[in-house]
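Only one structure is covered here, and it is reproduced in the block below.
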Amino acid sequence: MGIELANVGIAVRDIEEAIAFFTDLGLTVLGRDEVSGDWVDTAVALDGNHTKIAMLQTPGGGGVIELFEYIHPDAIEPEPAVPNQIGMHRVAFSVDDLDAALEIAAKHGCHPLRGVADYQDLCRLTYVRGPSGIIVMLAQQLATG
């Protein structure tokens, strides 16, 4: 049996805010839609589902994120995830220039949770709290090894 990752889905409070953040970091919008109906209710197990969606792709086509904003039913606001919380809690990106990526994130009000770390002179990385409280890891490779 073959398997490959199709995308990572992230529910957001404000899809426009999330699209702006991720496109400023360099992702491209592949498509947008608004979905509802029996097929969506069945697929996600929510009756009356009505959702705005956007598919975003990383440069080079290596990864796709599906953002979705619920129109109905109302979204449930969780407490912001913390790095040691069980379950999916972050999306990670490799960037060519971490400082430039952090400047872009800052324009969206997103800052490192606790500074930038240097891992054995191999990479610099940090977590920022992105739109809707998403933890976004940004990492820049410094050397091969």
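Pairs please, first residue from region 1-17 and in contact (Cβ under 8 Å) with a residue 24 or more places away in the chain and in a loop (DSSP other than H, G, I, E, B), second anywhere and open to solvent by 80 Å² or more (accessible area, probe 1.4 Å) and not aliphatic (A, V, I, L, M), Cβ atoms under 9 Å, 6+ apart in sequence or on different chains.
Correct list of pairs: Arg13/Glu77.
Within region 50-107, can you find the residues that are open to solvent by 40 Å² or more (accessible area, probe 1.4 Å), among the polar types (S, T, N, Q) and more than 15 Å from the chain's Cα centre (by Cα)?
Within region 50-107, Asn84, Gln85 qualify.
Filter region 108-145 down to residues that are within 24 Å of Glu17 (Cβ to Cβ) and of a type in the set (Ser, Thr, Tyr) and give me whichever is most open to solvent (accessible area, probe 1.4 Å).
Tyr127
Within region 17-38, track down each residue that is of a type in the set (Asp, Glu) and surrounded by 13 or more Cβ atoms within 10 Å (Cβ to Cβ).
Glu17, Asp24
Taking Tyr127 as meeting all but one of (1) within 16 Å of the chain's Cα centre (by Cα); (2) farther than 16 Å from Ala11 by Cβ; (3) free of Cβ contacts under 8 Å to residues at least 24 places away in the same chain, write down the number of the exception.
The one condition Tyr127 does not meet is (3).
When residues of region 39-72 are filtered for being under 12 Å from Leu27 (Cα atoms), out of contact with any helix residue (DSSP H, G or I) (no Cβ under 7 Å at 6 or more places or on another chain) and touching a residue at least 24 places away in the same chain (Cβ under 8 Å), how many remain?
Residues meeting the conditions: 7.
At negative phi and touching a Cys at 6+ places or on another chain (Cβ under 9 Å): is that true of Phe21 in this structure?
Yes, satisfied.
Between Val44, Val29, Val8, Val40, which is modelled with pLDDT under 95, among the β-branched types (Val, Ile, Thr) and under 15 Å from the mean Cα position of the chain (by Cα)?
The match here is Val8.
The values are calculated or read from the model by the stated rules, or taken from the named source; none is laboratory data. Being a predicted model, the structure only gives us computed values, none of them experimental. Neighbour counts are summed over all protein chains in view; Cβ atoms, including those assigned to glycine, are modelled from backbone coordinates with ideal geometry. Surface accessibility is based on the protein's heavy atoms, side chains included, excluding ligands, DNA and RNA. Shrake-Rupley method; radii C 1.70, N 1.55, O 1.52, S 1.80 Å.
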